[in-house]
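Structure, as structure tokens:
Every read-out reported here was derived from the displayed coordinates using simple, explicitly stated rules and does not represent laboratory data. Since the structure is predicted, the reported quantities are computational estimates derived from the model, not experimental observations. Every residue, glycine among them, receives a Cβ derived from its backbone with ideal geometry; neighbour counts consider all protein chains shown.
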Amino acid sequence: MKDLIIAGSGPAGLSAAVYASNAMLDFVVIEKFPMSGGQMLNTYEINNYLGFELVDGFTLGQTFRAHAEKSGAQFVNDEITSIEKIDGGYRVICGKGECEAKTVIYALGANPRKLGAKGEKDFAGRGVSYCATCDGNFFRGRPTAVIGGGDVALEDALYLANICSEVYLIHRRDEFRGAKYLQDKVLKNEKIKILYSTQVEEIRGENKVESLLLDNGDELKVDGVFVAVGIEANTALAEGICELENGFVKAGESGETTAEGFFAAGDVRTKRLRQISTSVGDGANAVHSVEEFLNKQQ
């Protein structure tokens, strides 16, 4: 039985791998895809990760992976199908085999909920973004649109209004779901133009986003569109093992969940800000918690 199984190889999982190596734990990283990096692999440009003024997500992901490998991390490319609680730890069952460990760091991440509009997939990373704080700076002084009506959409619109020429806030309903104080700020901001009861039918352009076709037939000229209609955490394998909260694994900064020896890190856990930097921090915290847990078992 190993000390630790790290499920997932996004920023949280790779960070955990480096820290677990430094702690000289007997562990393995299980990843579904042959390319490490998680969601950041789909990010065309990153300019807010410390030490990298501008880098694409693929390069940063491979840099993280190389660091983990040089630290001594062992990777298994396989899809986890289930996780079971057993005496003294957990059994992780995959498509090609299984592995047992005293602890698990669950770092399977989350995916942005897609809008479903025509052209969305084609322009992902070329004007379509799912993170305003990540990519907003690339549209400084240019017209953009935010799609959604919750807290994230309202916050994104306010953030973009500080740097973009104008922001169209498009919501399919006739009122927002977000916090009242955010609604008040949005309504008072002259750079934000609100389009209620409106949906985007198509995202158009040549090599990049140029306009949005709305369901009323209007065509809106924008250079960037930020989809903020929610995210979906990959928690299916954690159901029945630990407590979930609003679709995320319930865990604080330590990574501790309601299940003994089962820790969560990265976008999959309950947290305020989901960024590469916070996921990297999660990986470090989770390994520290694993070490404390294992020391108490001795």
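Under unit Cβ charges (Lys, Arg +1; Asp, Glu -1), what dipole magnitude, rounded to 20 debye, does the chain have relative to its Cα centre?
Values: 32 positive and 43 negative charges, 78 e Å.
Result for the chain is approximately 380 debye, rounded to the nearest 20.
Restricting to Cα pairs below 8 Å that are 6+ residues apart, what does the relative contact order work out to for the range 145-286? Please round to a whole percent. Intermediate results must be reported in sequence, preceding the final value.
Details: 247 pairs, mean separation 24.5, N = 142.
RCO, the range 145-286: 17 percent.
Asp122 to Ile86: extension gain in nm, 0.36 nm per residue of separation minus the Cα-Cα distance? Spell out each step's value before the answer.
Values: separation 36, 0.36 × 36 = 12.96 nm, distance 4.46 nm.
Contour length minus Cα-Cα distance gives 8.5 nm.
Let me have the relative contact order for the chain, percent, based on Cα pairs under 8 Å that are six or more residues apart. Don't jump to the answer; show the numbers that get you there.
Values: 673 pairs, mean separation 60.7, N = 298.
Relative contact order here is 20 percent.
Kindly provide the pair-distance distribution of the chain built from C-alpha pairs, with 5 Å bins from 0 and whole-percent values in order of increasing distance.
Going from the shortest bin to the longest, the percentages are 1, 6, 12, 15, 16, 14, 11, 9, 8, 5, 3, 1, 0, 0.
In what sequence do Ile170, Ile276, Ile6, Ile30 fall when counting other Cβ within 10 Å, fewest first?
On the way: Ile170 25, Ile276 29, Ile6 34, Ile30 22.
By the 10 Å Cβ count, ascending: Ile30, Ile170, Ile276, Ile6.
Report the calculated FRET efficiency for Asp184 and Thr133 (r = Cβ-Cβ distance, R0 = 22 Å), to the nearest 0.05.
In this case the efficiency is close to 0.55.
What size of dipole, in debye to the nearest 20, comes out for the range 119-248 about its Cα centre when the only charges are +1 on Lys and Arg C-beta atoms and -1 on Asp and Glu C-beta atoms?
On the way: 15 positive and 23 negative charges, 99 e Å.
The calculation lands at about 480 debye.
How much FRET efficiency would the formula 1/(1 + (r/R0)^6) give for Lys193 and Leu50, where r is the Cβ-Cβ distance and R0 is 45 Å, rounded to 0.05? Intermediate values should be presented prior to the final figure.
Details: r = 35 Å, r/R0 = 0.77.
Efficiency, rounded to the nearest 0.05: 0.85.
Distances longer than 12 Å among the Cα atoms of the range 1-48: what percent of all pairs is that?
On the way: 712 of 1128 pairs.
Counting every Cα pair in the range 1-48, those more than 12 Å apart make up 63 percent.
Determine Rg/Rh for the range 120-231; Rg is computed over alpha-carbon atoms and Rh is the Kirkwood hydrodynamic estimate from the same atoms.
Numbers: Rg = 12.6 Å, Rh = 13.6 Å.
With Rg and the Kirkwood Rh in hand, the quotient comes to 0.93.
Per the Kirkwood definition applied to all pairs of different Cα atoms, how many angstroms is the hydrodynamic radius of the range 54-134? Display every interim value, and only then the final one.
Working: mean 1/r = 0.0609 Å⁻¹.
Roughly 16.4 Å, rounded to one decimal.
Where does helix 276-297 land angle-wise versus the long Cα axis of the chain, in degrees 0 to 90, nearest 10?
20
Give me Met1, Met24, Met40 sorted ascending by neighbouring Cβ count inside 10 Å, so fewest comes first. Write down the numbers at each step before the final one.
Working: Met1 13, Met24 9, Met40 23.
In increasing order of surrounding Cβ atoms, one gets Met24, Met1, Met40.
Report the label-to-label distance for Lys114 and Lys96 in nanometres (one decimal), using points 7 Å from each Cα along the Cα→Cβ vector.
2.7
Above 23 angstrom, tally the Cα pairs of the range 151-298 and express them as a % of all pairs, no decimals.
Numbers: 5762 of 10878 pairs.
Everything past 23 Å amounts to 53 percent.
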